[in-house]
Amino acid sequence: MTHRLLITGASRGLGRAVALNFAAQGAELHLLGRDEGLLATVAEEVAAAGGKAKVHPASVTDRVALRAVSERIPGLDGVVAAAGISGVTPVDSELSNVDDAFDEILQTDLTGCWNTVRAFAPKLGVGGRIVLVSSVLGRFGVPGYGAYCAAKHGLLGLTKALALELIPKGIYVNAVAPGWVDTAMAQTGIRAMAQSMDISLEEARRRAEEVVPVQRFFQPEEITRGIAWLLDPANTMQVGQCLNLDGGVLHV
């Protein structure tokens, strides 16, 4: 079991679900995110579930803050880089803020993972585990989501490179690629889809579910099981791999 775990993006969505999953196993968790109030709430939930949690308000884009957090942590067994944002960034947009949005998504979703590994990999010993959260959009393109697709594709390349670099130290690096997960980010995506296609939210969700072989979205708790497997010391074979958690969208 992974006892000491750092989770980025821990204040909501998938990061919160990972925290609660390991809390039930009595883990010692370091919760990192930008919203201190939400992090405190998750820490209370962790304690109620049987775990221990320390809150670290910081952005994964802030390298100085990440190093400061790392200095306060004596050691880790695993790191889950779950922090991420999304958004529509059409290349032909006439809006002046689309370039800023592109930069922000890349800085958070891709560079933020690099920053996280840079800061916290030194806290891992032999058998340490790192899981980077990519996406099914790291496997194919979607019109209008250039920044998000680029970031999530980039994470897969980063995973492969870091895995080969760190495995000589006994540190295992892998990634997960979730499909539609029922979080606030997914709901924002459905709203954008509905607006761009001039259809209802219900119809947009139906169309999104229609392309998933199992015909549904997933709960964050379901994704945590795949992440937990990559963090499990019993899993000694997966190095530089991406575990697809998408209900069959990618079946080759």
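Each reported figure results from applying straightforward, stated rules to the coordinates on display, with no laboratory input. All of these numbers come straight from a predicted model, not from anything done at the bench. Backbone-built Cβ (ideal geometry, glycine too); neighbour counts: all protein chains shown.
With no solvent and one equal point scatterer per Cα, compute the Debye intensity ratio I(q)/I(0) for the range 131-193 at 0.12, 0.13, 0.20, 0.24 Å⁻¹ and report its log10, rounded to two decimals. These q points yield log10 I(q)/I(0) values of -0.36, -0.41, -0.78, -0.98. The range 1-35 and the range 76-128 have Cα centres separated by 18 Å. For chymotrypsin sites (Phe, Trp or Tyr not before Pro), the sites in the range 96-179 that DSSP calls loop and that have at most 11 other Cβ atoms within 10 Å are PHE140. Site pair GLU94 and SER200 shows an inter-label distance of 3.3 nm when each label is modelled 7 Å from Cα along Cα→Cβ.
Placing unit charges on each Cβ (+1 for Lys and Arg, -1 for Asp and Glu) gives the chain a dipole about its Cα centre, and among PRO74, LEU95, VAL133 the Cα reaching farthest toward its positive end belongs to PRO74. For the range 201-250, the relative contact order comes to 46 percent (Cα pairs under 8 Å, sequence separation of at least 6). Below 8 Å between Cα atoms, with a sequence gap of 6+, how large is the relative contact order for the range 25-174 in percent? The value is 22 percent.
Percent relative contact order of the chain, based on C-alpha pairs within less than 8 angstrom and at least six residues apart?
Working: 495 pairs, mean separation 47.5, N = 252.
After rounding, I find 19 percent.
What is the percent of Cα-Cα separations in the range 114-252 that go past 19 Å?
Details: 5259 of 9591 pairs.
Cα-Cα pairs of the range 114-252 separated by over 19 Å account for 55 percent.
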